[in-house]
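What follows is a set of notes on a single structure, which appears directly below.
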Amino acid sequence: MTLDIQSGILRPKIDMHCHVWLMEGWEQSADHLVNSGAMLGITEYWCSSIIQQGILAPIEEVRPHNNTILSAMARHPQRIRGWCFVIPGHFQDAIDEAERCLDAGMIGIKLYNQYRINDPAVHPILELATERRVPILQHAGYPVAEHRASQPLISHGIHFTEASEKYPDAMLIHAHIGGGGDWEHTVREMRDASPNVYIDVSGSNLDDGQVEYAVTELGIGRVLFGTDGTMAGSVGKVLDADLTDDQREHIFFTNAEHILAQQGAAPLHPLDE
Amino acid sequence: MLIDTNAWLGTWPFRSLRDNTPDALIARMDRSGIDKAVVSYIEAAFHRHPQSANERLARDIEPHGHRLIPLGTLNPLSPHWERDLTSCIDLGLKGIRLFPQYHNYPTHGSEIRSAVQACAECDLPVFIPHRLEDARQHHWMDPGHSLDLAHLADLIAAVPDAAIIVSNARPLARSPLWMRGDLRDLNWYVDLSLAEIHYGLHRNTSAMKDLAYLIEEGGANHLLFGTHLPISYAGPALVKLALLPVDNQTRENITHRTAAKLLNLTQG
């Protein structure tokens with residue numbers, strides 16, 4: 001059967017991994033995100049603004065990132081949802097920031113590479129996420145050594161497995177299977193993780209077989225659609241993957257819907273809209 | 001008509017591939033709506049003297065000549081590579097692939113310039129993959145770094161008569177290939193396999209798009225359809241093709257007319 005790219009482009013999708021950055025012109029950037037995704041059937045965007053390169057910035061520098069996301073949510077209330085970025089080492093300040101953002105309508109917590117997901121410093125965040133039934137999206141991957149040097153504390157599969165052993169009810173999302181690194185390695189490491197550990201398909205690496213590998217290793221209910229800047233590429237890899245139409249629906253939409261339901265939320269635009 | 005200018009047969013040493021035989025690749029092309037694809041054996045990039053792989057390619061795809069377009073692989077460090085080039089022409093190969101990062105010569109040095117110049121004199125297009133695999137996951141035995149697009153830009157300028165296809169590159173609109181004004185009218189091409197069109201990860205508003213900028217600024221004639229099958233999915237390139245902001249004539253150039261001209265393909 002020939003791929004039906006046009007129909008695939010039009011089907012509704014929840015992009016659970018994207019960004020609006022704290023920067024001059026964020027409004028234009030947010031508008032561009034929404035307009036670009038509309039061409040690909042994306043109905044809502046789960047966005048974060050993050051501090052990269054492992055920088056342990058003070059909490060005063062973290063809050064403006066989240067305020068940008070809150071502003072983007074207000075600018076596009078029917079399209080943009082928020083991840084609250086925190087640096088777990090801020091301890092109570094990080095908890096307070098996450099509570100502030102979740103109370104303001106964000107739907108999850110975003111962690112970057114300041115700490116690994118299994119670091120004890122992250123435990124209070126995992127406890128909060130479990131209590132509030134919100135997911136944690138953790139920057140992750142298994143790059144080779146020379147590409148790991150700039151982010152020595154990047155998490156990979158084994159760290160998710162270890163974290164999920166201690167917090168099996170926490171919804172943990174391994175970011176971008178295509179984000180750069182040995183994706184087979186990191187997925188294999190999550191074979192024995194809690195069923196509440198997920199992975200998203202985003203990233204610029206478009207290796208053939210990647211999506212099917214995650215589905216085979218983790219199960220169809222644990223693979224999410226995200227783009228992280230690779231919009232057409234991420235749509236294309238899911239459309240081209242050797243999956244049933246129902247499996248594609250899980251990845252594009254219903255798995256994210258299930259995550260939202262845990263906190264009593266629903267997609268901004270239901271599938272049958 | 002859809003011609004894939006970036007496809008492969010054979011074995012990638014560091015990960016199992018599917019659809020990497022002629023029959024299987026053609027079945028995958030059928031599923032993807034691709035009529036013809038250029039191919040060479042991946043392993044030729046690892047052979048010090050790749051001519052035997054070129055000869056095997058010509059034999060293996062002979063029954064599939066209406067679908068698969070053979071490309072030879074040259075190593076300009078191999079003694080008498082010029083004779084290999086002549087043999088490739090005799091075998092009916094339609095273009096040449098070069099792998100500076102695997103055959104270990106500089107992208108802007110005399111060896112590659114000589115090889116590209118020789119191909120230009122034979123009216124053969126030269127295909128230079130920016131990368132075969134994402135360097136962030138490369139196996140310790142794989143030297144495969146991504147090439148420097150500034151060096152490739154220098155090469156294009158140094159051999160202005162050549163047709164050079166740089167596959168698997170991203171991002172492109174702000175790369176030296178497009179930003180160097182002296183290259184804009186030369187015969188260099190990039191494909192749709194990796195670069196995004198309308199949205200790119202950005203930290204300032206001047207970099208929100210990629211290929212869309214190139215097209216807006218008059219660069220659509222440098223685009224070709226290419227997937228990187230079966231190393232990468234075909235779907236990303238097919239989705240981008242569906243979203244290209246170009247008129248029908250330009251779309252036809254991208255899907256097949258430019259490739260057919262470069263490869264000296266006759267109808268059928």
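The values are calculated or read from the model by the stated rules, or taken from the named source; none is laboratory data. Here the structure is a predicted model, which is why all the values come from computation and not from measurement. Here the Cβ positions follow ideal geometry from the backbone for every residue, glycine too, while neighbour counts run over all protein chains shown.
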Quick one: is B:Y213 crowded, with 22+ Cβ neighbours inside 10 Å and either free of Cβ contacts under 8 Å to residues at least 60 places away in the same chain or more than 7 Å from chain A (Cβ to nearest Cβ) (or both)?
no
Among residues belonging to the range A:235-261 that are in a helix (DSSP H, G or I) and loosely packed, with under 15 Cβ neighbours inside 10 Å, point out the one that is nearest to the chain's Cα centre (by Cα).
A:H258
Across the range A:175-203, what is the number of residues that are more than 25 Å from B:W140 (Cα to Cα), in contact with a helix residue (DSSP H, G or I) (Cβ under 8 Å, 6 or more places away or on another chain) and charged (D, E, K, R)?
1
Just to be sure I understand, how many residues within the range A:92-118 are farther than 29 Å from A:L268 by Cβ and surrounded by fewer than 16 Cβ atoms within 10 Å (Cβ to Cβ)?
1
Being within 30 Å of A:G180 (Cβ to Cβ) and away from chain A (no Cβ under 14 Å) is true for just one of B:P106, B:P79. Which residue is that?
B:P106
So for the range B:220-242 (the condition being facing chain A (nearest Cβ under 10 Å), in contact with a His (Cβ under 7 Å, 6 or more places away or on another chain), in a loop (DSSP other than H, G, I, E, B) and not aliphatic (A, V, I, L, M)), does at least one residue qualify?
no
Any idea how many residues of the range A:103-149 are assigned to a helix (DSSP H, G or I) and either more than 20 Å from A:Y45 (Cα to Cα) or in contact with a Pro (Cβ under 9 Å, 6 or more places away or on another chain) (or both)?
17
Quick check: anything in the range A:210-222 surrounded by fewer than 23 Cβ atoms within 10 Å (Cβ to Cβ), at pLDDT 95 or above and more than 27 Å from A:D169 (Cα to Cα)?
no
Of all residues in the range B:143-183, which are of a type in the set (D, E, K, R) and under 24 Å from B:G200 (Cα atoms)?
B:D148, B:R170, B:R174, B:R180
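A quick yes/no check of all residues on (1) part of a helix (DSSP H, G or I); (2) in contact with a helix residue (DSSP H, G or I) (Cβ under 9 Å, 6 or more places away or on another chain); (3) within 14 Å of chain A (Cβ to nearest Cβ):
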position	(1), (2), (3)
B:F14	no, yes, yes
B:I26	yes, yes, yes
B:M29	yes, no, yes
B:E43	yes, yes, no
B:L57	yes, yes, no
B:E62	yes, no, no
Might you let me know whether the range B:84-97 holds any residue that is at pLDDT 95 or above and over 20 Å from B:A45 (Cα atoms)?
yes
For the range A:209-237 the number of residues that are farther than 21 Å from B:I197 by Cβ, within 14 Å of another protein chain (Cβ to nearest Cβ) and among the acidic types (D, E) is 1
Taking the residues in the range A:131-173 that are farther than 18 Å from A:D228 by Cβ and β-branched (V, I, T) as candidates, determine which candidate is farthest from the other protein chains (Cβ to nearest Cβ).
A:V134
Would you pick out the residues in the range B:136-186 that are under 20 Å from B:I112 (Cα atoms), crowded, with 19+ Cβ neighbours inside 10 Å and touching a residue at least 40 places away in the same chain (Cβ under 8 Å)?
B:G144, B:L147, B:L152, B:L155, B:V159, B:A162, B:A163, B:I164, B:I165, B:S167, B:N168, B:L177
Does the range A:1-43 hold any residues that are facing chain B (nearest Cβ under 9 Å), hydroxyl-bearing (S, T, Y) and without any contact (Cβ under 8 Å) to a residue 12 or more places away in the chain, and which are they?
A:T2, A:S29
